[in-house]
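Remarks on the structure that follows.
Values quoted throughout were computed directly from the atomic coordinates according to the rules given, and no laboratory measurement underlies them. Because the structure is predicted, anything quoted here is derived from the model rather than measured. Methodologically, a virtual Cβ is constructed for each residue, glycine included, from the backbone with ideal geometry; neighbour enumeration extends over all protein chains shown.
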Amino acid sequence: MRAAIKHISTIDGGDASKYQPPDADTFSVTLRLLIGPEDAVGEESFDMIVCSPSWLETELARDGFVVGRHRLIVRRYDFRLVQQVIAKLIGRCSGERWSEIAEKISRLAYWEFEDYQTRT
């Protein structure tokens, strides 16, 4: 079983393909990735921060640190490039069950069910 991206939007539901940051060289945007099994209906939500090195430098100068998990760092915002990179990374995630695949994807993007535990 393989994963497939079903939809990408900004965290507020905007069209990520039409999003333009005020400064394409210094930016940070959270993308919502709806990803599911390649040959099946359904998807789950994963969030990824896409940012530039200059945005990281700005944050480092202000706060002295930046936590790096669930980030994709690109020189400037180019949706086609971002989409291609994310698709390539997600395309590498496979497994026998969807839960295995989703766990692998959660290393790249924040999964809506990350750390979810059923009550016993």
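Where is the GNM fluctuation largest for the chain (alpha-carbon springs, 10 angstrom cutoff): R75, R107, R62? Ranking R75, R107, R62 by mean-square fluctuation puts R62 first.
Computed 3J(HN,Hα) for segment 9-25, one whole-Hz value per residue from the Karplus formula 6.51 cos²θ - 1.76 cosθ + 1.60 where θ = phi - 60°, is 9, 6, 4, 8, x, x, 6, 5, 6, 9, 5, 10, x, x, 10, 5, 9, glycine and proline marked x. Against the set (1) 44, 33, 24; (2) 45, 30, 29; (3) 35, 32, 27, the structure's computed Cα extents along the principal axes in Å falls on (1). Entry note, the chain: the mean residue ellipticity at 222 nm calculated from DSSP H runs of n ≥ 4, each adding -39500 (n - 2.57), is -8000 deg cm²/dmol after division by the residues and rounding to the nearest 500. Cβ crowding within 10 Å, taken as a proxy for footprinting-reagent exposure, orders F65, F79, F46 from fewest neighbours to most as F65, F79, F46. Could you work out the local net charge near V82, counting Lys and Arg as +1, Asp and Glu as -1, over the other residues with Cβ closer than 15 Å to its Cβ? Here the charged neighbours net out to +3. The amide H of K6, built 1.01 Å from its N in the peptide plane, has L34, I35, G36 as neighbours under 5 Å, considering only residues 5 or more places off or on other chains. Of the GluC sites (Glu not before Pro) found in segment 1-102, the ones in coil according to DSSP and having at most 12 other Cβ atoms within 10 Å of their Cβ are E96. Structural descriptor for segment 6-120: relative contact order 24 percent, calculated from alpha carbon pairs under 8 angstrom and at least 6 residues apart.
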